[in-house]
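Colleague: The structure that follows is given in the form of structure tokens.
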Amino acid sequence: MSTTAASSSGSYFQSRRARKRIANIVIAIIMIALGIVCLAPFWWMLSTSLKSMKEIMSFPPTKYPHALHWENYKHAWVSGHFSRYALNTLFLSCVGVVAHILSNTFIAYGFAKIKFPGKNFLFSLMLATMMIPGFCTLIPQYILFSKLHWVGTYLPLTIPGFFGSAFQIFMLRQFYLGIPNDLIEAAKIDGANHFYIWSRIMVPLAKPAVIVIAITTFQGAWNDFLGPLLYVNKESMFNIQIGLTAFRSAELTQWNYLMAASLISLAPVILLFFFFQRYFIEGMNIASGTKG
């Protein structure tokens with residue numbers, strides 16, 4: 001009887017491992033299929049950017065370029081003035097990253113580690129602002145910036161970043177709550193003030209969350225279209241997204257040049273995520289309350 005029981009137990013575990021292996025294979029196939037679906041538009045953009053207009057307009061369309069026209073990238077970069085647009089976008093993105101890191105890390109530290117009257121109410125009020133659609137505040141913001149004579153400058157695109165972001169403050173606060181208060185008490189005993197504790201203890205320990213903020217802020221500023229469209233009215237101040245629209249109008253939709261310019265605009269964001277994806281995933285796990 002014991003031999004029969006052992007045999008049935010062994011066959012049960014073998015079948016369980018087999019089922020788990022099959023499930024992993026099915027999941028892998030599904031993920032590969034979804035990856036192909038997601039990469040298909042990117043591949044079509046890359047292929048189109050290396051074709052001639054004659055080949056693009058041919059029917060049926062070709063999946064691969066017959067000849068690689070790398071000069072499309074040079075033409076798009078030079079004729080579209082993208083060097084100027086890229087510098088403008090890089091400036092806005094870097095200022096946005098610095099502004100969001102400084103403001104959000106400091107505000108989150110106050111909500112997480114400093115006791116003051118009305119803290120919970122103010123925190124709840126801040127979270128409630130996340131439920132207000134951004135389009136509802138466009139007109140009041142524009143009126144405010146117009147009265148401040150900021151329209152036509154970069155100030156509406158940079159200054160608001162120094163006042164924090166509700167979601168990023170919430171994410172950092174959750175991270176700070178996991179840091180023992182004993183570290184802060186020990187620093188206070190040694191004579192450290194809140195500014196020293198924030199800059200030398202809390203921010204370095206929150207590096208994964210800070211990197212997530214830097215990546216998402218840079219990506220948002222680099223891809224921002226509506227903000228510059230509303231507040232920037234000089235071509236010399238255009239960012240790369242507005243430049244793409246202007247380039248499309250100027251080139252009468254030369255699709256090979258437009259796709260080349262679009263890939264140029266995508267490259268910094270892709271490279272940024274590629275090099276910092278480990279920190280990004282770790283920070284998102286922290287924000288969701290899970291451990292990597």
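Colleague: With Phe59, Phe111, Phe91 as the choices, which residue is open to solvent by 60 Å² or more (accessible area, probe 1.4 Å) and either modelled with pLDDT of 85 or more or on the phi > 0 side of the Ramachandran plot (or both)?
Modeller: Checking each option against the conditions leaves just Phe91.
Colleague: Still on this structure: Would you confirm whether or not the stretch 95-105 contains a residue that is in contact (Cβ under 8 Å) with a residue 40 or more places away in the chain, surrounded by 15 or more Cβ atoms within 10 Å (Cβ to Cβ), in a loop (DSSP other than H, G, I, E, B) and assigned by the TED database to the domain that holds Phe238?
Modeller: No; the residues of the stretch 95-105 include none that is in contact (Cβ under 8 Å) with a residue 40 or more places away in the chain, surrounded by 15 or more Cβ atoms within 10 Å (Cβ to Cβ), in a loop (DSSP other than H, G, I, E, B) and assigned by the TED database to the domain that holds Phe238.
Colleague: In the set Ile179, Ile213, Ile201, Ile197, which member is under 17 Å from Tyr109 (Cβ atoms), assigned by the TED database to the domain that holds Phe273 and outside any helix (DSSP H, G or I)?
Modeller: Every option except Ile179 fails the conditions.
Colleague: Please name all residue pairs, on different chains or six or more residues apart, with Cβ atoms under 9 Å, provided the first residue is in the stretch 201-227 and is open to solvent by 20 Å² or more (accessible area, probe 1.4 Å) and the second residue is outside any helix (DSSP H, G or I).
Modeller: Ile201/Ile179; Ile201/Ala192; Leu205/Ile179; Ala221/Asn239; Asp224/Asn239; Phe225/Asn239
Colleague: I want to confirm something. Restricting to the stretch 138-158 and keeping residues that are of a type in the set (Ser, Thr, Tyr) and either assigned to a helix (DSSP H, G or I) or farther than 14 Å from Leu229 by Cα (or both), which single residue is least open to solvent (accessible area, probe 1.4 Å)?
Modeller: Thr158
For (1) in contact with a Phe, Trp or Tyr (Cβ under 7 Å, 6 or more places away or on another chain); (2) acidic (Asp, Glu); (3) touching a residue at least 40 places away in the same chain (Cβ under 8 Å), each residue gets a yes or a no:
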position: Asn181; (1), (2), (3): no, no, yes
position: Gly191; (1), (2), (3): no, no, no
position: Asn239; (1), (2), (3): yes, no, yes
position: Ala260; (1), (2), (3): yes, no, yes
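Colleague: Give me the residue from the stretch 77-89 that is in contact with a helix residue (DSSP H, G or I) (Cβ under 8 Å, 6 or more places away or on another chain) and not hydroxyl-bearing (Ser, Thr, Tyr) and, out of that set, nearest to Leu266 (Cα to Cα).
Modeller: Of everything passing the filter in the stretch 77-89, Ala86 is nearest to Leu266 (Cα to Cα).
Colleague: Does Ala112 fit the bill of being within 22 Å of the chain's Cα centre (by Cα) and more than 29 Å from Glu235 (Cβ to Cβ)?
Modeller: So Ala112 fails the test.
The values are calculated or read from the model by the stated rules, or taken from the named source; none is laboratory data. Since this is a predicted model, take the numbers as computed values, not measurements. For neighbour counting, all protein chains shown are included, and Cβ atoms are generated from backbone atoms with ideal geometry for every residue, glycine included. In case anyone asks, the SASA skips ligands and DNA or RNA and just uses the protein heavy atoms, side chains included. Shrake-Rupley method; radii C 1.70, N 1.55, O 1.52, S 1.80 Å.
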